[in-house]
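S.K.: Below you'll find the structure I mean.
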Amino acid sequence: MKLLLHICCSCCLTYPFEKYKKNGVDLVGYWYNPNIHPYTEYRNRLKALKGFAKDVSFPVTYDESYELEKFLKGAMKDLNNRCLNCYLLRLEKTAKHAKEKGFDFFSTTLLISPHQKHKLIKEVGEKIADEVGVDFYYDDLRKGYDQARKMTREKGLYSQKYCGCIFSEKERYLD
């Protein structure tokens with residue numbers, strides 16, 4: 001299986017990387033995250049991923065276009081469903097890249113987080129798969145969440161405290 005894996009951060013990559021490599025998956029990473037705010041947070045996550053990828057010789061395609069305005073315009077249309085916009089934005093770009101480069105499947109490291117909306121990610125992934133013409137690989141990775149956190153600490157990777165967008169940062173402090 002040739003899988004293009006959207007990566008939100010190095011922390012969320014650790015467990016899926018180990019799992020898929022162990023299972024013989026032909027795995028390539030894809031970075032595209034215009035939702036991450038502030039820009040210093042974006043840079044910290046990107047730097048951590050680049051370091052991890054180099055350390056483990058993991059190929060990653062980096063789309064470093066920081067299209068914050070595009071993310072915000074979509075999120076502001078319906079703040080109560082802003083995650084839908086975020087998933088659509090990132091997974092569509094990943095799927096198109098997967099199709100262009102001949103991957104069998106695309107997926108995302110967002111599936112490791114118990115804080116993400118798995119049903120929605122799966123629905124969005126499948127919808128985009130139908131539209132773009134490359135399959136979405138859904139794998140409930142939440143069972144590896146604690147292991148990913150442990151691996152993050154052991155490897156000394158940068159670990160963020162919120163999903164990434166300005167709205168999740170606000171919730172972090174208000175909750």
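Derivation of every value follows stated rules applied to the coordinates shown; laboratory data play no part. The structure presented is a predicted model; accordingly, all values stated were derived computationally and were not measured. Note that each Cβ is placed from the backbone with ideal geometry, even for glycine, and that neighbours are counted across all protein chains shown.
S.K.: Using θ = phi - 60° and the Karplus form 6.51 cos²θ - 1.76 cosθ + 1.60, what ³J(HN,Hα) does each residue of segment 114-128 get, whole Hz, x for Gly and Pro?
M.R.: Values per residue, Gly and Pro as x: x, 8, 8, 8, 4, 4, 5, 4, 4, 4, 5, x, 5, 5, 5 Hz.
S.K.: Could you tell me which of the pairs Lys101/Lys155; Lys21/Lys70; Lys22/Lys155; Lys99/Lys150; Lys47/Lys127 are separated by over 29 angstrom between their Cα atoms in the structure shown?
M.R.: Lys101/Lys155; Lys21/Lys70; Lys99/Lys150; Lys47/Lys127
S.K.: Using DSSP, restrict attention to beta bridges with both residues in segment 2-174 and report what percent are antiparallel, rounded to the nearest 5.
M.R.: Just about 0 percent of them are antiparallel.
S.K.: Continuing with this model, one more query. Only one of the listed values, (1) 41, 39, 29; (2) 50, 33, 32; (3) 100, 29, 22, was derived from the coordinates as Cα extents along the principal axes in Å; which label is it?
M.R.: Matching entry in (1) 41, 39, 29; (2) 50, 33, 32; (3) 100, 29, 22: (1).
S.K.: Still on this structure: Once R0 is set to 22 Å, what does the formula 1/(1 + (r/R0)^6) return for the Cβ-Cβ distance between Thr61 and Asp140, expressed as a FRET efficiency to the nearest 0.05?
M.R.: That pair, Thr61 with Asp140, gives E of 0.30.
S.K.: Distance between the C-alpha centers of segment 1-62 and segment 155-175? Whole Å please.
M.R.: That distance is 18 Å.
S.K.: If I take every Cα pair under 8 Å that is 6 or more residues apart in segment 39-153, average their sequence separation and divide by the length, what percent do I get for the relative contact order? Walk me through the numbers on the way to the answer.
M.R.: Details: 84 pairs, mean separation 23.8, N = 115.
Here the relative contact order equals 21 percent.
S.K.: Of Lys2/Lys73; Lys96/Lys119; Lys77/Lys122; Lys54/Lys77; Lys19/Lys122, which ones are farther than 29 Å apart at the Cα?
M.R.: Table pairs above 29 Å Cα-Cα are Lys2/Lys73; Lys54/Lys77.
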